[in-house]
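The values are calculated or read from the model by the stated rules, or taken from the named source; none is laboratory data. Quick caveat: nothing in here was measured; it's all calculated off a predicted structure. Every residue, glycine among them, receives a Cβ derived from its backbone with ideal geometry; neighbour counts consider all protein chains shown. Areas reflect the complete protein model, heavy atoms only, side chains present, ligands, DNA and RNA absent. Shrake-Rupley method; radii C 1.70, N 1.55, O 1.52, S 1.80 Å.
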Amino acid sequence: MSDDSRPSPAEARTESRTAARTAARTAARTAVVIPAAGRGVRLGPGAPKALRALNGTPMLIHAVRAMAASRAVSLVVVVAPPDGAAEVKSLLDAHALPERTDFLVVPGGESRQESVKLGLDALPPDFDIVLVHDAARPLVPVDTVDAVIEAVREGAPAVVPALPLADTVKEVAAAAEPGAPEPVVATPERARLRAVQTPQGFDRATLIRAHETVTDDVTDDASMVEQLGLTVVVVPGHEEAFKVTRPLDLVLAEAVLARRRLNDGF
Ligand code: CTP
Ligand code: MG
């Protein structure tokens, strides 16, 4: 070997950094916390939302399968309705799920934030990446899950999948009296807005710190990381990652499943 072929000290440093990063990536294990403890008030009367069926299979099972479809995911922690942990355990036992994925079930809390925290408390130590995924988004494609995980592996402390908005958004103030129209106070520029979905991905230590530090009510986990002063990044979301919230969303979800079944047949 000639002297020229030996790496320079700078090259050697780069190589060992790359090797270290590759090793860290392979070692980074990914778990998903699925908050599924909500009632689903906006969906109307019936079973807790996550246990409602979509084409005969509970929404939660669709959501768990969507997460377990990613080869990177080795543990799914389901946060069940407070009085429904036993029922959720038997549901998971009764449905076929990939062998490589482990499952844990814990009872949830009063708010989504509390439910996520209870899921995080149950996480075993050897996971460095944590995704938080709404049971109410049962149809998210695996490519979206993998894109979120990849961005965390690349070093982002928090990652959200999101889409541009179709509707223009207005900020309003309280109506002068109950029932009166609400005055518009601002119209944020639509092109700069994104509608955020799940799974949201995190460096585990960052997410735990966020949940320990932020006590305000929030509607997503990434906003807690923003409150720590860290940068949250966006990757492309997917229209099939929509949240089942109101009755019409059930119709859409079943139509998506029917379309998938047709496409799978060809
Ligand atoms: N969630 C939870 N614990 C709560 C409230 C919500 O785990 N105490 C979960 C829901 O099960 C859902 C996700 O958080 O998977 C997103 O919440 P949302 O869509 O608002 O569901 P619900 O709170 O059940 O619905 P609603 O607000 O209409 O009652
Ligand atoms: Mg809710």
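Within segment 120-135, track down each residue that is under 18 Å from PRO58 (Cβ atoms) and open to solvent by 10 Å² or more (accessible area, probe 1.4 Å).
ASP134
Output the number of the condition that VAL218 fails; it satisfies all remaining conditions of (1) surrounded by 15 or more Cβ atoms within 10 Å (Cβ to Cβ); (2) modelled with pLDDT of 95 or more.
(2)
Could you tell me which residue of segment 105-119 is nearest to ligand 2 (Cβ to nearest atom), considering only residues that are open to solvent by less than 60 Å² (accessible area, probe 1.4 Å) and assigned to a strand (DSSP E or B)?
For segment 105-119, the residue satisfying everything is VAL106.
For segment 151-174, which positions are touching a residue at least 40 places away in the same chain (Cβ under 8 Å), outside any strand (DSSP E or B) and surrounded by fewer than 20 Cβ atoms within 10 Å (Cβ to Cβ)?
Start the filter on segment 151-174 by keeping residues that are touching a residue at least 40 places away in the same chain (Cβ under 8 Å), which leaves 151-153, 156-163.
Within this subset, residues satisfying the condition of being outside any strand (DSSP E or B) are 151-153, 156-157.
Within segment 151-174, just ALA151 meets the criteria.
Residue under question is VAL234, and the condition is that it be in a strand (DSSP E or B), touching a residue at least 40 places away in the same chain (Cβ under 8 Å) and of a type in the set (A, V, I, L, M); does it hold?
Yes, satisfied.
Conditions: (1) within 15 Å of ligand 1 (Cβ to nearest atom); (2) in contact with a Pro (Cβ under 9 Å, 6 or more places away or on another chain). THR144 meets all but one. Number of the miss?
Of the numbered conditions (1) within 15 Å of ligand 1 (Cβ to nearest atom); (2) in contact with a Pro (Cβ under 9 Å, 6 or more places away or on another chain), the odd one out for THR144 is (1).
For segment 56-81, how many residues are surrounded by fewer than 20 Cβ atoms within 10 Å (Cβ to Cβ) and either in a helix (DSSP H, G or I) or modelled with pLDDT under 95 (or both)?
Total meeting the criteria: 1.
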